[in-house]
Amino acid sequence: MENDQGEEETGISQEPPTSVIVTNLTTDIFDEPGQRAMFERLFQDIDENVTFQYFKSFRRVRVNFTNNEQATQAREKFHMTEFRDEIIKCYFTQPIVLGNREGGPHLQPPQREKQFLISPPASPPVGWEPIEEAEPIINYDLVAAVAKLAPGVAHELHPAEEDKPSIYVHICHDQEEEMEEEDGVRTGAKRRIIQTRRPT
């Protein structure tokens, strides 16, 4: 029961496959119908309903049988035998399992955590792993002090000492705002943008 449950979870059957890959074949089998028919008769004696898939570039053929017993018989009979002056080899096909090892049919997404990326080196050494960067450090005291600064007012940062002068910060006015004197007379105006003359 435990083995059956393990096979169901992984999706991989322990039974032999029903197909065999025949390798190291001569090119005559792929080009000449007579040589191909002679090759197919070797496996049709085991299974009348056998099918073939030819891969000329790799000089191999996939032979599909009705059940795994016939595939096992063909593998034991023709493996390392001579055919057309070549020693052919027979291998069972490897099953292709889609999914992950946790039993789901799809890949699992990565964990939901914020990543501060650090660029890897140009040639990462063996065993290199990405390093998570620490979260940015914000100095809230500095942010609060800057927010208190008002334009037109001098702010003393460091008082004067016997051998050191005092340090003040003067905040400039916005160039776009209008400045007025105490009696209400406008002393400054917004800058006017002069349009560029068109060529004649």
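Values quoted throughout were computed directly from the atomic coordinates according to the rules given, and no laboratory measurement underlies them. This is a predicted model, so every value here is computed, not measured. Cβ atoms come from the backbone with ideal geometry, glycine included; neighbour counts cover every protein chain shown.
Subtracting the Cα-Cα distance of Glu76 and Gln44 from 0.36 nm times their residue separation leaves 10.0 nm of extension gain.
Efficiency by 1/(1 + (r/R0)^6): what FRET value for His155 and Glu129, r their Cβ-Cβ distance, R0 = 45 Å, to the nearest 0.05?
Numbers: r = 48 Å, r/R0 = 1.06.
My answer for the efficiency is 0.40.
Label sites at Ser57 and Phe30, each approximated as a point 7 angstrom past Cα along Cα to Cβ, lie 1.0 nm apart.
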